[in-house]
Amino acid sequence: MKYRSAFDIIGPVMIGPSSSHTAGAARIGRVARTLFEKQPKRAVISLYGSFAKTYKGHGTDLALVAGIMDFDTFDERIPKALEIAKKAGIDIEFLTEDAVMEHPNTVKINLYDDNGKELEIIGISIGGGTIEITEINSFKLKLSGAHPAILVIHEDRFGMISSVSSILSKNEINIGHMEVSRKERGDVAIMVIEMDNNIDDGVFAELSFLPGVTQVIRMVD
């Protein structure tokens, strides 16, 4: 793991006590909230490894719920996140799992609304507040949450990568990281693109109206 600056080691501005168990957890929760695109009605949070063993003492439960409500790592409401979620009508369930994961600070978040919408993500907190999202709805991928990004859900067919990258190139948007994941050939695929800059509404619309694209999700920096 390469660090971009001393702040990746020291950790972010945050409500403590731990950058990996609190700040990282809040960021994972916030990525889930961004991908869900609205506040959920229910969240099932499955904790693994050290998260499962120490989540209450380190405030990981508070941080995850705070992130799901779109609170930043330094938000002073984090210590009362569970109370705030209850008042907001969000049903929260925590599960501790025995399965051994590749990284000890691993969490699976399932979000639901009242209309059948669901989202499942798996995230890991690497340290210093740095995170990686490793799965979205069973699609294997890598998303850091540290840069502006888009997720393009599309048909798995010829020319999709070229069409998306051409729009970004035309608008002078530099790609820092890009990968495509699919479950089966010719089925649904997901394109993850991390960029140097946020895309504007015009670029978002261009991407959204591409033939074969079913959804575009923006993650702004």
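Points worth noting:
- Residue within the stretch 31-45 that is in contact (Cβ under 8 Å) with a residue 24 or more places away in the chain, polar (S, T, N, Q) and surrounded by fewer than 19 Cβ atoms within 10 Å (Cβ to Cβ) present: yes
- Here Val220 clears all of (1) surrounded by 13 or more Cβ atoms within 10 Å (Cβ to Cβ); (2) under 19 Å from the mean Cα position of the chain (by Cα); (3) closer than 29 Å to Ala25 by Cβ except the condition numbered (1).
- Of all residues in the stretch 160-194, those that are within 19 Å of Phe209 (Cβ to Cβ) and either in contact with a strand residue (DSSP E or B) (Cβ under 9 Å, 6 or more places away or on another chain) or touching a residue at least 40 places away in the same chain (Cβ under 8 Å) (or both) total 14.
- Residue match in the stretch 186-208 (condition: within 16 Å of Asp156 (Cβ to Cβ) and among the hydroxyl-bearing types (Ser, Thr, Tyr)): no
- Test: residue in the stretch 56-70 that is in contact (Cβ under 8 Å) with a residue 40 or more places away in the chain, surrounded by fewer than 16 Cβ atoms within 10 Å (Cβ to Cβ) and in the same structural domain as Thr22 (by TED's automatic domain parsing): yes
- Looking across the stretch 167-184 at every residue that is farther than 20 Å from Lys142 by Cα and exposed (fewer than 13 other Cβ atoms within 10 Å of the Cβ), the one that is farthest from the chain's Cα centre (by Cα) is identified as Lys170.
- Residue match in the stretch 143-165 (condition: in contact with a helix residue (DSSP H, G or I) (Cβ under 9 Å, 6 or more places away or on another chain) and surrounded by fewer than 13 Cβ atoms within 10 Å (Cβ to Cβ)): no
- Matching residues in the stretch 131-174 - criterion: being within 25 Å of Arg185 (Cβ to Cβ), touching a Ser or Thr at 6+ places or on another chain (Cβ under 9 Å) and small (Gly, Ala, Ser): none
The values are calculated or read from the model by the stated rules, or taken from the named source; none is laboratory data. Predicted, not measured: the structure shown is a model, and the values here were computed from it. Cβ sites come from the backbone with ideal geometry, for glycine too, and all protein chains shown count toward neighbours.
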